[in-house]
Amino acid sequence: MSRRKKKGPPPAPPGAPKPPAPGSPAARLIVFSIIAAIALGFGIWISQRPGNSPTPSASIATTTGIVPRFQLTPEATVFATYAGTETCRECHQAAFDKWKDSHHALAEREIDPKLDREAFDPAREINHGSQISKAHAEAGRFELTTAGFKSTNETFTPARVIGVDPLRQFLISTERGRWQTAELTYDPKMHEWFDVFGNEDRVPGEWGHWTGRGMTWNQMCAACHNTRVRKDYDPATDTYATRMAERSVGCEACHGPLRSHVDWQKKYRGQKGDPSLLKFSRDQVLDTCGSCHARRGELTGDFKPGDKFFDHFQLTIPDESDIFYPDGQVRDEDYEFTSFLSSKMHGAGVRCADCHDPHTSKNLLPGNALCLRCHGPPVVPAPKIDDPGHSFHKAGTPGSHCVDCHMPETTYMQRHARRDHGFTIPDPLLTKQYGIPNACNRCHGDKSTDWLLEACDKWYGPKMSRPTRVRAQWIAEARTNAPGSYTNLLRKLTDETVPLWRAVSANLLRNHVDEPQVVPALNRMAKDTNDLVRAMAARSLEEPAQHGDPSALGQLRLLLDDPSRSVRAEAAWGLRRTVDTNSLAGSELVYQLNLNRDQPVGLLRWGDFLADRGENSAALAAFRRAVDWDKASPALRHTYAISLSQAGQGEEAARQLVEACRLAPRDPQLRFTLALALNELRRVDEATAALEETVKLDPHFSRAWYNLGLAYNTKQRIEDALQALASAESADPRDPQAPYAAATILARHGRTAEAQSAARRALRIAPNYSEAADLLRTLSPGGK
């Protein structure tokens, strides 16, 4: 639920009655009902999904079987254009030899007794968390005995392996065409088994357990570990028929389908001018690398080399979550693409193959030599970087290598160390101010941040005060919705030269669309030359468009015909209540939603689409299934509770919210929503207690303070009520409802002067607030 208020004449606060007409007998006696107050507040919660009861569109693809404009080319046609890696070997032996032992070549393979026997023979126990599993060989088969689908001691026979070094994960075939990725993983260098989740002790039934959908190969692994994968998920039966052009990451995964090229070469060997040869630009190659080396959402499930990244994916970028740090450093498992797009290196024209051999994936040169090709003498105008004059570390020691400071490592899956490709500058000041990690502390963990700050100031002085530091500070402030932070984001839209950071700013501005400058700025960014910037502008225009802002609506309608599919996807989602599902953008949206319905979050989005199109019973079923698939998700239970309330199932809605609060006891929004649900059931004492807990968790939660004030008033705790409303007013001084509610309470108790003052405060915020004006006239002789 958004805590921001909409502009324009505000409605009366939930539960605050309209004042009686001047001169009426009830003019000095204002009745105040907490039951109505919070019940109406619950109604506001329900209506947070705009358009609960829209006028049904003429055609809804979810129920009418419409044939959309967008369809994938049939698999038989697509796979026939692939020749397979072995056909490349005869003419490209040198490249083949470099590739055949690479991580790409071994990205996925069948179980191989020569490679895999050491992991299973001799048998060994695997201690992980509170569990003890076993890897062993039986009658020529390699087996894992561990907690499974039916019991805590089941035996499975892996059939395939993904990865080679530093870890190997094993794939197990299950029912309905589903393959699951075992959490028990083998380290071939250390010759030991371990759990990729460490000691988290995940158990069957959890989304993230190896038996859950979070570890389903068809969705989570297949596309990037193989060549041209079609997931082929059927939502109606919850089954997969996943196919691919070739196992593992072969030549055509990067060079595109080559059957025509192979056939031409066979016919015209040695001749020049092959018309079927695919040639890609440097940016097309980057997009191909990014298709796997990025944290992203699927739009088509059918990327091929030569395509544009943003025609197939929605990229995950730094936002108000903890996925990335405010300076762009990776935090979660974010891979390399986003951080690289955020860097000066990308902006300067550097691309993957400038540093990495495309066939081995290894660096082209060892150590600092790779960086000094561009950053060392005699390159001009690049600054001279020498060692140790730049690093202040003795040559050959940790800290003297460029990557130690500018590409710090983060270890994922317990063993897999990956370098950050944002090429950031370590800054202890950002650590002190916002908790953003710096490479110095990664080595000098025994030193304080102040010690590091002193060293940096001594070595680099004013050079540390650079635009990237200011940008990180602004993003950090914006992530917390700090007062006035949106003004810095607006500046970034025009001053920032790196497109990804303009996109970050446009995305974060969705939390400030009530500010008068924001929507016009987003409309301008919707015309940016960069696909990602336009997509994020479209995402932020969703809320004002759904609340009837004509300029936002008009802009989103224009973006339905944008040349980039990712932009069309955001625009179609923003207009989902009314978008024509027979149009290109509308049919693409329906396809995307169905593509991702095999995961709880995808099913949640599908349910939102159904609800916003007026198909409430189908939406309720979608939310229920999403919760069944991920019972530990408080967000899913929250959405399910909203749908249950709409269906008149208030008791079950409250139960879902109680469980959500148990799962996320520090989340004030969930506690607040529970309070509203409890009051809908007339359980006012429990609702009041939940509101009290909410403001303890978040003392700046203005709407919770507001409703708590109404609750206290019903209990005749007048001073507590007024204090809570004052806290609401302080937390959100732009909201006129809190001072108006205080005015009604004060008037009821004959505290006329204070009531007049509160009513005037409401009118200063919203001069067209008719209820506050009426109350003031009632309380003020002569209408003043």
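The values are calculated or read from the model by the stated rules, or taken from the named source; none is laboratory data. Computed from a predicted model, the values in this text were never measured in an experiment. Neighbour counts are summed over all protein chains in view; Cβ atoms, including those assigned to glycine, are modelled from backbone coordinates with ideal geometry. In case anyone asks, the SASA skips ligands and DNA or RNA and just uses the protein heavy atoms, side chains included. Shrake-Rupley method; radii C 1.70, N 1.55, O 1.52, S 1.80 Å.
Here are a few things to note about the model shown:
- Centre-to-centre separation between the Cα atoms of the stretch 565-618 and those of the stretch 658-732: 34 Å.
- Accessible surface ranking that places the most exposed of Ser291, Ser757, Ser465 first, with a 1.4 angstrom probe: Ser465, Ser757, Ser291
- Length gained on full extension, Asp495 to Asp121, computed as 0.36 nm times the residue gap minus the Cα-Cα distance: 128.5 nm.
- For Ile111, the amide hydrogen comes within under 5 Å of the amide hydrogens of Arg160, Val161, counting only partners 5 or more places away or on other chains and with H modelled in the peptide plane.
- Pairs of lysine residues in the stretch 217-365 that meet both criteria, 8 or more places apart or on different chains and Cα atoms under 21 Å apart, total 6.
- Ile162 accessible area, 1.4 Å probe, all protein chains in place, Å² to nearest 10: 10 Å²
- Cα gyration tensor shape for the stretch 206-361, rounded if a/c is under 1.5, else prolate or oblate: oblate
- When +1 charges are put on Lys and Arg Cβ atoms and -1 charges on Asp and Glu Cβ atoms, the dipole computed for the stretch 198-283 relative to its Cα centre reaches about 740 debye.
- Over the stretch 512-580, Cα pairs under 8 Å with separation of 6+ residues give a relative contact order of 30 percent.
- From the coordinates shown, Rg and Dmax of the Cα atoms in Å corresponds to which of (i) 39.6, 126; (ii) 29.8, 103; (iii) 33.2, 122: (ii)
- Rounded accessible area per residue of the chain, 1.4 Å, Å²: 45 Å²
- Prolate/oblate/rounded call for the stretch 328-459, Cα gyration tensor, a/c under 1.5 rounded: oblate
- Projected onto planes of every orientation and averaged, the convex hull of the alpha-carbon atoms in the stretch 238-324 covers 8.6 nm².
- Cys352 contributes an accessible area of around 40 Å² to the protein surface, as traced by a 1.4 Å probe with all chains present.
- Candidate cross-link partners of Lys100 among the aspartates and glutamates, defined by an alpha-carbon separation under 17 Å and a same-chain spacing of 8 or more, comprise Glu86, Glu90, Glu108, Glu110, Asp112, Asp165, Glu246, Glu252, Asp357.
- Portion, in percent, of the accessible area of the chain that falls on carbon or sulfur, probe 1.4 Å: 54 percent
- ³J(HN,Hα), Karplus 6.51/-1.76/1.60, whole Hz, each residue of the stretch 676-691, x for Gly, Pro: 5, 5, 4, 5, 4, 8, 6, 9, 5, 4, 5, 4, 4, 4, 5, 5
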